Amino acid sequence: MPDLAAFNASLADAAPPADLTPPLRALWHAARGEWDTAHGIAQEAEGDPAHDWVHAHLHRVEGDLGNAGYWYRRAGKPVGRGDLAAEREAIVAEMLG
């Protein structure tokens, strides 16, 4: 799995790196403004904390804060605040370990 710099560099590629987990793949699409694709991936495994965290972030991006709050609670994460891109990077960094 890539590190954060490699993840960010891959955003210029036509497809995400093959070794990304589905939640990271969703965040890759989200970083490119491909919300519908990202959301579809996040919905694939509802109940998985990583998917739910990405799902929460995506609803925050969408501006649906009530729905986002629900998904943050399901993920066991605090509700995101501040800059959306910074939050997305923080999620990616944590998921990359």
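The values are calculated or read from the model by the stated rules, or taken from the named source; none is laboratory data. Owing to the predicted nature of the structure, the values given are computational and were not obtained by experimental measurement. Heads up, the Cβs are rebuilt from the backbone with ideal geometry, glycines too, and the neighbour counts pull from every protein chain shown. The area values use the complete protein model at the heavy-atom level, side chains included, leaving out ligands, DNA and RNA. Shrake-Rupley method; radii C 1.70, N 1.55, O 1.52, S 1.80 Å.
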Next on the checklist: For the chain, set up a GNM with springs between Cα atoms under 10 Å and report which of ALA86, ALA50, ALA42 has the largest fluctuation.
Outcome noted: ALA86
Checklist outcome for this item: Highest GNM mean-square fluctuation among ALA68, ALA56, ALA15, for the chain with Cα springs under 10 Å, belongs to ALA15
Item to check | Inter-probe distance in nm under a simple model that places probes 7 Å from Cα toward Cβ, at GLN43 and ALA12 | outcome: 3.4 nm
Checklist entry - Toward the positive end of the charge dipole of segment 50-97, about the Cα centre and with charges on Cβ (Lys, Arg +1; Asp, Glu -1), which of TYR70, ALA90, TRP53 goes farthest? => result TYR70
Item to check | Of PRO78, PRO17, PRO49, the one that fluctuates the most in a GNM where the chain has Cα springs shorter than 10 Å | outcome: PRO78
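Calculate, in nm to one decimal, what TYR70 and ALA5 gain on full extension: separation in residues at 0.36 nm each, minus their alpha carbon distance. Could the numbers behind the result be given before it?
Working: separation 65, 0.36 × 65 = 23.40 nm, distance 3.07 nm.
Between TYR70 and ALA5, full extension yields 20.3 nm more.
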Checklist outcome for this item: In degrees rounded to 10, the 0-90 angle between helix 84-96 Cα long axis and the longest Cα principal axis of the chain is 70 degrees
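Suppose a student asked you for the relative contact order of the chain, using Cα pairs under 8 Å spaced at least 6 residues apart; what percent would you report?
Values: 109 pairs, mean separation 23.8, N = 97.
Relative CO of the chain lands at 25 percent.
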Item to check | Whole-percent carbon and sulfur share, accessible surface of the chain, 1.4 Å | outcome: 53 percent
Checklist entry - Per residue, how much accessible area does segment 1-81 have with a 1.4 Å probe, in Å²? => result 49 Å²
